[in-house]
Structure formats: C-alpha cells, structure tokens
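> Here it is: the structure, laid out below.
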Amino acid sequence: MRRIVREIAGELVGMFVADGRLALAILAVIAAAWALVRWSGLDPRIGGAVLLAGSLGALLGGIRRAARKSP
Amino acid sequence: MILLDWSSAAPAVGAAFAASLVEVVEAFTIVLAVATLRGWRAAAAGTASALAVLAAGVLLLGPLLERVPLDALQLPIGILLLLFGIGWLRKAALRAAGIVPLHDETAIFARESAELAARGGRRRAGLDWAAAITAFQGVLMEGIEVVFIVIAVGAARGLLVPAGLGALAACALVLIVGIAVRRPLSRVPENTLKFAVGVMLSSFGVFWTGEGIGVPWPGQDLSMLGFVLLFLAAGLAGAAAVRHPAAEAAQ
C-alpha cells in the first residue's frame, strides 16, 4: 500500500516537474513577469510579452538540453 | 437551459477531449493486459475501484472550487498549466525528433503482460489482488491526469461541466473501440495528440497566468489564437532543430 501511495505521489510531482531545470526556468519567467507588472511602472503588456517570450524560450531550451543529453 | 458560448468553450472541450483520449488509451492498454492475462474480474475490480477514488476526488474538489472566485483560480491554475503543458510539449517534440522513442501501446501491452506473468499464475478462486492492483494503479494514475486537465481547462472559466463532458466522450470512445477490437489501440496518433494538447495547455497557461498577474491581453480571448500559433511554431522548430538522423531517415 505504501509503495502504491509513493508511486502515485511520484507520478503527481512528475506531472509538473518532469525536468527540474525546465520547471525552474518557467517559474523564474513567471516571477520576472509578475515583478514587471507589479513594480516596474511599465505597461503591464510588457510583463505579458516577457511571460510569453520566456515560456517559449524555456520550451526551446528544454528541448535543446534534452537533445544534448541524449546519446 | 444554460446556453454555452462555444467560441470560448470549444478550446477547453477540445483540449479535455484530446488529452483524455491519450490518457484513456494508455489506461486501456494496462487494463487489457490485466484482463487478457488474469481475467476480466480482476481488471474490472481494479478499474472500478480507481474510478470510485477519482469520482470521490472530483466530488470533494468540485464544490470546493465552486466557492473560490474565478479571479483567485487563474494564477495557480495558469502556473500549473504552464508547467504541465510545456512539459508535455517538450516531450512530444523530443518524440517527434526521434530523441525519445514514440509511445508504443503494443510494446507497453507486451511489457505489462510480461510483468504480470512474472508475478505468478492466474488465481482460480477469489480475487486476483496483484492483477486488480495493477489495473487500479494504471487507471488511477492516468485518471489523475484527466481530472487535472479537466479542472485546469474548465475551472478558470466556469467550464468544468463542458470540459468534463469532453473527457467523458473520450472515455466512451476508447471503451467502445477497445471493446470492439480487443487489442491495444496502437493506431491512435498519440504523439500528434500530445503535441496538440501540449500546445493548447501551454497557451491556456500563458493566458491564465497573464490574467492572474494583471496583464490585459490585447484582443482578450483572441490572443489565445496567437499563443497557439507561437507554441506550435516553437514546438515544431525545436523538434526540427534537434531531429535525430534516424528519425529523418524514417520520414
């Protein structure tokens, strides 16, 4: 029973953090966009652009990093 | 009768349907392996128990979510969608590039069957617990992803019921086809579906996260279309840039 619960918990975490660096990059992008919108005094749409461009960049970085690691 | 605005509901329903189709096909392969090797009784018991646990989770979470204002849901759901969606899109791009092997339901069926066979012969009397637990775990794990996707694409816009119906339609379709063919559904284009769902969920993620932190998206809902095109282009470009020579030769 404990094994099943552990495996299900692992699966749940893995749903969102399959690649730790990718997850960190996404969270960093969100934090940067949030800080820009809240504190910079700039047009909030600039924060939106950072969020979108950063997410696309995190995706491309994640693909390239995984490809480099593969044999 | 509540009239549904299909222009805003269709992306949520479509994403829930496609994502659920992928997950239910994967769960079906495990249940089929259990049923073929150890009998339908154990497979049905495991599947029914998992569905009961999932239903209990939905019944507990649903009323709780209804009490939370939509504005408060957008940011956490957006962040989870971004993490989940970009993770799916990355994996689908790597599969399309030949870096990660494609999901092969026939191979998974063979592996599950071998694992079940290694655990010992079929029990003649009483419930085959080992087999039932295998089915339970398979259905529960894939089902949790379905429930998350339905909640994620539905809750932030009050579209839980249409998204849930999209997921149920996928379950019904897999069940009908699965019962008819009684084989792993290996002809379902899982990676193409995963790619499409990854694009949709990532786009939803950017949209909700942006709204949650106070970004007024130009064109509002229409901006989603632009996000979909950008994530699609990025996924395809990423896959093309790292394409494995073997995958290129196969194409």
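> Just tell me, in residue order, which DSSP H segments of chain B are both 30 angstrom or longer along the helix axis (alpha-carbon based) and at least -0.5 in mean Kyte-Doolittle hydropathy.
Sorted by number, the helices that extend far enough and score high enough are B:6-38, B:40-67, B:70-96, B:129-155, B:160-181, B:190-213.
> Could you give the length gained by full extension between residue B:233 and residue B:220, i.e. 0.36 nm per residue of separation minus their alpha carbon distance, to one decimal place?
Stretched out fully, the residue B:233 to residue B:220 stretch lengthens by 2.6 nm.
> Further, regarding this structure: Taking Rh as the Kirkwood radius computed over C-alpha pairs, what is the Stokes-Einstein D of the range B:195-243 at 25 °C in a medium of viscosity 0.890 mPa s, expressed in µm² per second?
So the translational diffusion coefficient is about 217 µm²/s.
> Another question, then. For chain B, what does the helix formula give at 222 nm: sum of -39500 (n - 2.57) over DSSP H segments with n ≥ 4, over the residue count, nearest 500 deg cm²/dmol?
-28000 deg cm²/dmol
> Here's another thing I want to ask about it. Mean Kyte-Doolittle of at least -1.0 plus a Cα span of 27 Å or more along the axis: flag which DSSP H helices in chain A meet both, please. Mind showing how you got there, number by number?
Working: long enough: A:20-39 (28 Å, 1.70); A:44-69 (37 Å, 0.56).
Long hydrophobic helices here: A:20-39, A:44-69.
> Could you give the length gained on full extension between residue B:114 and residue B:72, defined as 0.36 nm per residue of separation minus the Cα-Cα distance, in nm?
Here the answer is 10.4 nm.
> Taking all pairs of different Cα atoms in chain B, averaging 1/r and flipping that mean, what Kirkwood radius in angstroms comes out? Walk me through the numbers before you get to the answer.
Values: mean 1/r = 0.0516 Å⁻¹.
Over chain B, the inverse of the mean reciprocal pair distance is 19.4 Å.
> Apply 1/(1 + (r/R0)^6) to the Cβ-Cβ distance of residue B:175 and residue A:1, taking R0 = 25 Å, and write down the FRET efficiency to the nearest 0.05.
After rounding, the FRET efficiency stands at 0.30.
> Given that compact globular proteins tend to follow 2.2 N^0.38 Å, what is the ratio of the alpha-carbon Rg of the range B:64-122 to that value?
Numbers: Rg = 19.5 Å, N = 59, 2.2 N^0.38 = 10.4 Å.
The range B:64-122 yields a ratio of 1.88.
> Sorted from largest down, what three extents in whole angstroms do the Cα atoms of chain A have along their principal axes?
Projected onto the principal axes, the Cα atoms of chain A cover 53, 33, 12 Å.
> Same structure, new question: Specify which residue in the list B:35, B:60, B:80 is farthest towards the positive end of the charge dipole of the range B:18-106, using unit charges on the beta carbon of Lys, Arg (+1) and Asp, Glu (-1), about the Cα centre.
Checking the options against the dipole of the range B:18-106, the answer is B:35.
> Is the shape of the range B:102-194 rounded, prolate or oblate, going by the alpha carbon gyration tensor and its root eigenvalues a ≥ b ≥ c, with a/c under 1.5 for rounded and a/b larger than b/c for prolate?
Taking the square roots of the gyration eigenvalues as a ≥ b ≥ c, the range B:102-194 is prolate.
> While we're here: So if I restrict to the alpha-carbon atoms in the range B:137-251, what is the Rg, and what is Dmax, the biggest pairwise distance, in Å?
Rg and Dmax of the range B:137-251, Cα atoms, are 17.4, 50 Å.
> Another one. List, largest first, the extents of the alpha carbons of the protein assembly as shown along their principal axes, each in whole Å.
So the extents along the principal axes, rounded to whole Å, are 72, 54, 36.
> Among A:52, A:35, A:24, which residue has its Cα positioned farthest towards the positive end of the charge dipole of chain A, with +1 placed on the Cβ of Lys and Arg, -1 on the Cβ of Asp and Glu, and the dipole taken about the Cα centre?
Positive-end residue among those listed: A:24.
We did not get these values from a lab; they are worked out from the coordinates using the rules stated. Because the structure is predicted, anything quoted here is derived from the model rather than measured. Every residue, glycine as well, gets a Cβ built from its backbone with ideal geometry; the counts of neighbours run over all protein chains shown.
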